[in-house]
Structure formats: C-alpha cells, structure tokens
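Okay, so here's the structure we're looking at.
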Amino acid sequence: MNIGFVGAGKVGCSLAKLLTERGKQVSGIYSRSPSSAAWAAQFTNTTHFEEINELLDVSDVLFLTVPDQSIRSVYESLDPTKLVDKIICHCSGALSTAVFEGIEKYGASAFSIHPFVAISSRHESYQNLPHTIFTMESKPIRKEHKEAMLALLQDLDLQVEEITAESKAAYHGAAVMASNLMLGLLSVAKRELQAAGFSEQGATEAILSLAEGNLANAIKAEEKPFVTALTGPIQRGDASTVEGHLKAFSGDSREIYRLLSREVLRLAQEKNGTMDDIRLTELLYEDEEE
Ligand SMILES: NC(=O)c1ccc[n+]([C@@H]2O[C@H](COP(=O)([O-])OP(=O)(O)OC[C@H]3O[C@@H](n4cnc5c(N)ncnc54)[C@H](OP(=O)(O)O)[C@@H]3O)[C@@H](O)[C@H]2O)c1
C-alpha cells in the first residue's frame, strides 16, 4: 500500500516519518511550497512531488495533511479520473468526511483520521505518537479499504477509536473541553485568586501546582479516575462551604462554578451513594426552580 502526503507540516511529516520508520511504503510528499516538500522528503527518506496529481497517481492512500480551511480546495484540485479505488484521508478534528463531497461517485473511500494529541514539531513529534489515540470516521466505498486502514493504524501501535460523521462536532467539542476549556477554567480560578489578594505569579504557580496534583491523582488511579481523585467540599457533602463560594463569586465565575459543581455532585454521588445531597442539589439547581 503506497501512502502519499499532501501538506508537509507537523502532522504530515510526523505520520510520514512514523510510517517509514515502521517499514511502510510512503509514495511521496507534495506541499504548497516546494522547499517544505523537499525537506520532508529528505527527513522521511522519500520523494517530493511538484504536481499533486502525479503523487495521487502513484498512491493508494492520500493523506491531505493541510490546514482545515484548505482541505476542501485541495480535495477539489484532485483529478477525479485518478480517484478510482483510492483512499483519501484528512486529519481534522472538527471536519468530517462530508468535506470530501461526492467522493463516492468517483469510486473512492473517505477517511477522517484525527490524532487525539498535540503534534508540535515536524521532526520530533513522531516519536511520541505510538500508543496515542487516533479517532477514525470513515465513508468506505469497499470494506477492504476500512480493514486496510485499521490494520495500518494498528501496525503503527496507534489506539483507534471509531466514531460517526454525525458525532464529529460533539466529539471535537469534547476534546476542546479537555484541552482549551481546561485552560480557560484555570484562568478563571487564577483571576479569582488575584482578586483575593494573590500576586499574578503566585496565583499562576498555585493554580498550576493544584491542577497538576489533581491530574496526577486521576492518572495514577487504578479505576474510575475522576471519582477516585475527587476531593473538596461537594464530595464531603459540605453545603455551607459551597453556599459561601456561590455568594463570594458573581457573573461568569459564579455560573462556571455552579455548572461544573453539578457534574462534581454526580461524581460525588457515584463515590458515596448514601451522601446527603438535598441542600447541595437545591443550591446548585436553585436558579432553575425560579
Ligand atoms: N498539529 C496538531 O497538533 C494537530 C493535531 C490533530 C489534528 N491536526 C490536523 O492536522 C492537519 C494539519 O495540521 P498541522 O498542524 O500539520 O498544520 P501545519 O503544521 O500548519 O502544516 C500544514 C502544511 O500544509 C501545507 N499547505 C497549506 N496549504 C496547502 C495547500 N493548499 N496545498 C498543499 N499544501 C498546503 C503547509 O504549507 P507549506 O508547504 O508552505 O509548508 C504546511 O506544510 C489539520 O487538519 C489539523 O487540524 C493537527
């Protein structure tokens, strides 16, 4: 199976390098700027192409590892007569295979294969990819195509999770919650510490150290990490402390505290099925009862 790459950036170079390291056949690399493609070809010990459809010609699988906003136009620049029986992939988390509009009428299969991990370097990140999660969403024209792609990812020691095109937006939203929104939450907490009198540096250090300890506890938990690592007033059933926090905060901070506390209350109930949660439930849901 010959695998080609369009887009010699962080993801394209990392995947191409991992493939060649594992003895897979990379047919070549094309990129917007010939110098990027030439560098990537040298890095992966493969060939660079100056014409995208020449690369398509010699590839069974073509990864479009270009920025999300360019995936559609790059796909549309592929020669439809050369698409028969090909596998076309992109690596976007936000877009589904729907971006490859009409691909089935050309007799090709569409895959969206998203690394659930940050890839920050063109020449180093490939080393960290094995054992990370890759999410696959597919529209195969033949079942052999899907079998071949699953086998390929497994050969690379990647952990594959399958989702549908319809769930792609929610999937990506969940990933944003665990990465970007987690930083947003820490930033709100830091601001409240500063409002309470901390220096900016002190607030940053305190918040990062607390968050790191919590994540480490969850990671090392043998089962149910979010339940096991849970500490704090809600899991102790301490409604008066939670009431004090809600009075101390206002605006977005109060709303964020209240909404996330509802999820924490669900975790606390899982941890302790007999906890007295009547007052906590009233506090956390009171605005909805008005
Ligand atoms: N990086 C991550 O952490 C990460 C994680 C998960 C998924 N992804 C997804 O992976 C895909 C690629 O992201 P990336 O981080 O690798 O981006 P990147 O580092 O910016 O690389 C994109 C590459 O595509 C080339 N390119 C841009 N427009 C092109 C076009 N019209 N035709 C051909 N080549 C073009 C670029 O140009 P030059 O030729 O000028 O270099 C560059 O080499 C995106 O869909 C992204 O959402 C990224």
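The values are calculated or read from the model by the stated rules, or taken from the named source; none is laboratory data. The shown structure was predicted, so the numbers you read here are calculated from the model rather than taken from an experiment. FYI the Cβ positions are ideal-geometry reconstructions off the backbone, even for glycines, and counts take in every protein chain you see. Each accessible area value is taken on the protein alone, full model and side chains, heavy atoms only, with ligands, DNA and RNA left out. Shrake-Rupley method; radii C 1.70, N 1.55, O 1.52, S 1.80 Å.
Checking Asp60 against (1) crowded, with 17+ Cβ neighbours inside 10 Å; (2) away from the ligand (no atom under 14 Å from the Cβ); (3) over 25 Å from Ala169 (Cβ atoms), only one condition comes out false. Which one?
(1)
Go through segment 97-113 and give me each residue that's touching a residue at least 40 places away in the same chain (Cβ under 8 Å) and either open to solvent by 10 Å² or more (accessible area, probe 1.4 Å) or of a type in the set (Asp, Glu) (or both).
Step one: filter segment 97-113 for residues touching a residue at least 40 places away in the same chain (Cβ under 8 Å), giving 97-98, 112-113.
Within segment 97-113, just Ala98 meets the criteria.
Just checking, does segment 38-53 include any residue being open to solvent by 30 Å² or more (accessible area, probe 1.4 Å) and touching a His at 6+ places or on another chain (Cβ under 7 Å)?
yes
Going through segment 63-78 one residue at a time, which ones are surrounded by 13 or more Cβ atoms within 10 Å (Cβ to Cβ) and of a type in the set (D, E, K, R)?
Across segment 63-78, the qualifying residues are Asp68, Arg72.
Can you name the residue in segment 1-13 that is more than 8 Å from the ligand (Cβ to nearest atom) and over 20 Å from Arg72 (Cβ atoms) and is also nearest to the chain's Cα centre (by Cα) among such residues? Steps first, answer last, please.
Step one: filter segment 1-13 for residues more than 8 Å from the ligand (Cβ to nearest atom), giving 1-5.
This time we only want the ones that are over 20 Å from Arg72 (Cβ atoms), so: 1-3.
On the way: Met1: 27, Asn2: 26, Ile3: 23 Å.
Only one residue fits best here, namely Ile3.
Taking the stated definitions as given, is Val26 away from the ligand (no atom under 12 Å from the Cβ) and aliphatic (A, V, I, L, M)? So that I can check it myself, show each step before the final result.
Numbers: away from the ligand (no atom under 12 Å from the Cβ): yes; aliphatic (A, V, I, L, M): yes.
Against the criterion (away from the ligand (no atom under 12 Å from the Cβ) and aliphatic (A, V, I, L, M)), Val26 qualifies.
Within segment 107-140, which residues are aromatic (Phe, Trp, Tyr) and within 11 Å of the ligand (Cβ to nearest atom)? Reasoning before the result, please.
We begin by selecting, within segment 107-140, every residue aromatic (Phe, Trp, Tyr); these are 111, 116, 126, 134.
Those that are aromatic (Phe, Trp, Tyr) and within 11 Å of the ligand (Cβ to nearest atom): Phe116, Phe134.
Checking Ile133 against (1) of a type in the set (Val, Ile, Thr); (2) within 13 Å of the chain's Cα centre (by Cα); (3) surrounded by 14 or more Cβ atoms within 10 Å (Cβ to Cβ), which test does it fail?
Going through the list (1) of a type in the set (Val, Ile, Thr); (2) within 13 Å of the chain's Cα centre (by Cα); (3) surrounded by 14 or more Cβ atoms within 10 Å (Cβ to Cβ), Ile133 breaks only (3).
Being surrounded by 11 or more Cβ atoms within 10 Å (Cβ to Cβ) and modelled with pLDDT of 95 or more is the requirement here; does Ala196 meet it?
Values: surrounded by 11 or more Cβ atoms within 10 Å (Cβ to Cβ): no; modelled with pLDDT of 95 or more: yes.
For Ala196, the condition - surrounded by 11 or more Cβ atoms within 10 Å (Cβ to Cβ) and modelled with pLDDT of 95 or more - is not met.
Hey, any hits in segment 89-96 for a residue that's more than 11 Å from the ligand (Cβ to nearest atom) and either modelled with pLDDT of 95 or more or buried (at least 21 other Cβ atoms within 10 Å of the Cβ) (or both)? Show your work before the answer.
So the first thing to find is which residues in segment 89-96 are more than 11 Å from the ligand (Cβ to nearest atom), and the list is 96.
Those left that are additionally either modelled with pLDDT of 95 or more or buried (at least 21 other Cβ atoms within 10 Å of the Cβ) (or both): 96.
Checked against the condition, which is being more than 11 Å from the ligand (Cβ to nearest atom) and either modelled with pLDDT of 95 or more or buried (at least 21 other Cβ atoms within 10 Å of the Cβ) (or both), segment 89-96 yields at least one hit.
Would you be able to tell me the number of residues in segment 14-23 that are closer than 17 Å to Met149 by Cβ and within 13 Å of the ligand (Cβ to nearest atom)?
Of the residues in that region, 2 qualify.
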